[in-house]
2 protein chains.
Amino acid sequence: MQYQEAKEKFISTWGSLGSLWGINKAMAQIQALLFVSTKPLTTEEIMEELKISRGNTSMNVRQLIDWGIVTKELVPGERKEYFSTEKDVQELARIIAKERSRREIKPVIRTLEEISSIKDDGSENTQELIRQTKALHDLAETADSILEKIVHQKQNWLTKSVLKMFK
Amino acid sequence: MQYQEAKEKFISTWGSLGSLWGINKAMAQIQALLFVSTKPLTTEEIMEELKISRGNTSMNVRQLIDWGIVTKELVPGERKEYFSTEKDVQELARIIAKERSRREIKPVIRTLEEISSIKDDGSENTQELIRQTKALHDLAETADSILEKIVHQKQNWLTKSVLKMFK
DNA sequence: TTAAACTTTCAATATTTTTTGAAAGTTTAA
DNA sequence: TTAAACTTTCAAAAAATATTGAAAGTTTAA
């Protein structure tokens, strides 16, 4: 396997993996492209490499910036915008964990809380609903609090502090 | 909020959350319905509660069985099949973690391994591709090995062993 | 056996999500 | 100012995904 083929394979693998971390294909592919690029890229270059439209590129780069994964680079004397992504995988993982917690886990926790606190009318059905949503709520809270600790951990949390406990 | 409304809210919340753990809406909703039901349900009952077709119900129940989350219950003297889901949230979390690792994380690790081991021709681009896919590969392996430990952990791993370290 | 009761399959259809591209908007150099 | 260079927006189109429903398949009781 040569460079070009390997690069394309990386971009497509990462792209189809987008769903795993909750973003769409183009967004994931743009991130992947920047991740293995040795220099910041322009909208034009991204469009050309990934064969996607200007609008698509613009919207997805904006979303990546929103997530805090991609930053605009200002090249002196250049009019157009250059983009680059966070290159450190640990930092990347931290950002993603934080955003997913904020966007998805926290709202669900709130909903489960609301549901599990309905009035107990004594019926078996109501009691089961309360019991099960409470159990899920507790699990989600615990998982989220672990994620939160990880997010606030300093560099190398994964290999150093966490892995030690499990290995 | 009354029972019926709370139940519907739970099913729809869980359903739209399906993407978080990598399954489709109907599948997640069926699981949610069984999760708060006090007794196993038939295909007919699932269809009626969720207002989905027979085919849809059949296919998604099969997939849930495939995942190991739902089981067929044989009711003596009854011809039709009854379904119920794993009711313990910790066990549920373990099953899901295990399946996602097997279905998604492991294949990606293999691909990253393959890409990161292309021949280094000395060019900057190739070196960056190798370095970055290697870094991702290591992160994915570490995360997966943690997931694996969790999966093999006994009951209550979350609250007992893990939470203690982080709280 | 047979036929009723039930389950599965899958082509067609519907729905949802993503992408396009051209027009509108913005910025900057002169 | 103006106009070229660039970015954003968004309605329409395309692509991907999920759902339906009826026919085919399977199981079981008699």
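Just a yes or no: is a residue in the stretch A:55-71 within 14 Å of chain B (Cβ to nearest Cβ) and open to solvent by 30 Å² or more (accessible area, probe 1.4 Å)?
Checking the stretch A:55-71: not a single residue is within 14 Å of chain B (Cβ to nearest Cβ) and open to solvent by 30 Å² or more (accessible area, probe 1.4 Å).
Only one of A:Ile95, A:Ile109 is within 12 Å of chain B (Cβ to nearest Cβ), of a type in the set (A, V, I, L, M, F, W, C) and either within 16 Å of DNA strand C (Cβ to nearest atom) or in contact (Cβ under 8 Å) with a residue 24 or more places away in the chain (or both). Can you tell me which? Talk me through it step by step, then tell me what you get.
Details: A:Ile95 fails: within 12 Å of chain B (Cβ to nearest Cβ).
Within the list A:Ile95, A:Ile109, the selection yields A:Ile109.
Of a type in the set (D, E, K, R) and at pLDDT 95 or above, is that true of A:Lys80? Give the derivation first.
Working: of a type in the set (D, E, K, R): yes; at pLDDT 95 or above: no.
Criteria not met by A:Lys80.
What are the residues in the stretch A:36-66 that are of a type in the set (A, V, I, L, M, F, W, C) and more than 15 Å from DNA strand D (Cβ to nearest atom), if any?
From the stretch A:36-66, those of a type in the set (A, V, I, L, M, F, W, C) are A:36, A:41, A:46-47, A:50, A:52, A:59, A:61, A:64-65; that's our starting set.
Across the stretch A:36-66, the qualifying residue is only A:Val36.
Please find, among B:Lys80, B:Lys72, B:Lys119, the residue that is within 12 Å of DNA strand D (Cβ to nearest atom), free of Cβ contacts under 8 Å to residues at least 12 places away in the same chain and not in a helix (DSSP H, G or I).
Numbers: B:Lys80 fails: free of Cβ contacts under 8 Å to residues at least 12 places away in the same chain; B:Lys119 fails: within 12 Å of DNA strand D (Cβ to nearest atom).
Exactly one residue qualifies, and that residue is B:Lys72.
Which one of these does B:Thr133 not meet: (1) within 22 Å of the chain's Cα centre (by Cα); (2) away from DNA strand D (no atom under 16 Å from the Cβ); (3) within 7 Å of chain A (Cβ to nearest Cβ); (4) open to solvent by less than 50 Å² (accessible area, probe 1.4 Å)?
The number of the failed condition is (1).
Among the candidates B:Lys87, B:Lys39, single out the residue that is farther than 25 Å from A:Ala143 by Cβ, more than 15 Å from DNA strand C (Cβ to nearest atom) and not hydroxyl-bearing (Ser, Thr, Tyr).
On the way: B:Lys87 fails: farther than 25 Å from A:Ala143 by Cβ.
Residue meeting the stated conditions: B:Lys39.
Would you mention how many residues in the stretch A:20-35 are more than 10 Å from DNA strand C (Cβ to nearest atom) and more than 13 Å from A:Val70 (Cα to Cα)? If you could, list the steps in order and put the result at the bottom.
From the stretch A:20-35, those more than 10 Å from DNA strand C (Cβ to nearest atom) are A:20-21, A:31-35; that's our starting set.
Those left that are additionally more than 13 Å from A:Val70 (Cα to Cα): A:20-21.
So the answer is 2.
Among the numbered criteria (1) within 12 Å of chain A (Cβ to nearest Cβ); (2) more than 24 Å from A:His137 (Cβ to Cβ); (3) within 23 Å of the chain's Cα centre (by Cα), which single criterion is violated by B:Tyr82?
Evaluating B:Tyr82 over (1) within 12 Å of chain A (Cβ to nearest Cβ); (2) more than 24 Å from A:His137 (Cβ to Cβ); (3) within 23 Å of the chain's Cα centre (by Cα) leaves (1) as the failure.
What's the total number of residues in the stretch B:89-101 that are among the polar types (S, T, N, Q) and open to solvent by less than 20 Å² (accessible area, probe 1.4 Å)?
Applying the first criterion (among the polar types (S, T, N, Q)) to the stretch B:89-101 yields B:90, B:101.
Going one step further and asking which of them are open to solvent by less than 20 Å² (accessible area, probe 1.4 Å), we end up with B:101.
So the answer is 1.
Every residue in the stretch A:23-35 that is of a type in the set (A, V, I, L, M, F, W, C) and away from DNA strand D (no atom under 15 Å from the Cβ), please. Please lay out each step first, then the result.
Our first condition is that a residue be of a type in the set (A, V, I, L, M, F, W, C); within the stretch A:23-35, this holds for A:23, A:26-28, A:30, A:32-35.
Those that are of a type in the set (A, V, I, L, M, F, W, C) and away from DNA strand D (no atom under 15 Å from the Cβ): A:Ala32, A:Leu33, A:Phe35.
Return a yes/no flag: does the stretch A:14-22 have any residue that is open to solvent by less than 30 Å² (accessible area, probe 1.4 Å), touching a strand residue (DSSP E or B) at 6+ places or on another chain (Cβ under 7 Å) and either more than 10 Å from DNA strand D (Cβ to nearest atom) or farther than 23 Å from A:Lys98 by Cα (or both).
Checking the stretch A:14-22: not a single residue is open to solvent by less than 30 Å² (accessible area, probe 1.4 Å), touching a strand residue (DSSP E or B) at 6+ places or on another chain (Cβ under 7 Å) and either more than 10 Å from DNA strand D (Cβ to nearest atom) or farther than 23 Å from A:Lys98 by Cα (or both).
Taking the options A:Glu81, A:Glu104, name whichever one is over 25 Å from A:Met47 (Cβ atoms) and either surrounded by fewer than 17 Cβ atoms within 10 Å (Cβ to Cβ) or out of contact with any strand residue (DSSP E or B) (no Cβ under 7 Å at 6 or more places or on another chain) (or both). Spell out how you get there, then give the answer.
On the way: A:Glu81 fails: over 25 Å from A:Met47 (Cβ atoms).
The conditions single out A:Glu104.
Residues in the stretch B:33-54: is at least one part of a loop (DSSP other than H, G, I, E, B), of a type in the set (Lys, Arg) and open to solvent by 40 Å² or more (accessible area, probe 1.4 Å)? Explain how you work it out, then say what you get.
Narrowing the stretch B:33-54 to residues part of a loop (DSSP other than H, G, I, E, B): B:36-40, B:51-53.
Filter once more, keeping what is of a type in the set (Lys, Arg): B:39, B:51.
Subset that is open to solvent by 40 Å² or more (accessible area, probe 1.4 Å): B:39, B:51.
Scanning the stretch B:33-54, I find at least one residue that is part of a loop (DSSP other than H, G, I, E, B), of a type in the set (Lys, Arg) and open to solvent by 40 Å² or more (accessible area, probe 1.4 Å), so the answer is yes.
The values are calculated or read from the model by the stated rules, or taken from the named source; none is laboratory data. Here the structure is a predicted model, which means the values were calculated and not measured. All Cβ positions, even for glycine, are placed from backbone atoms using ideal geometry, and neighbour counts span all protein chains on display. Just so you know, the surface numbers come from the protein's heavy atoms only, side chains and all, with ligands and any DNA or RNA stripped out. Shrake-Rupley method; radii C 1.70, N 1.55, O 1.52, S 1.80 Å.
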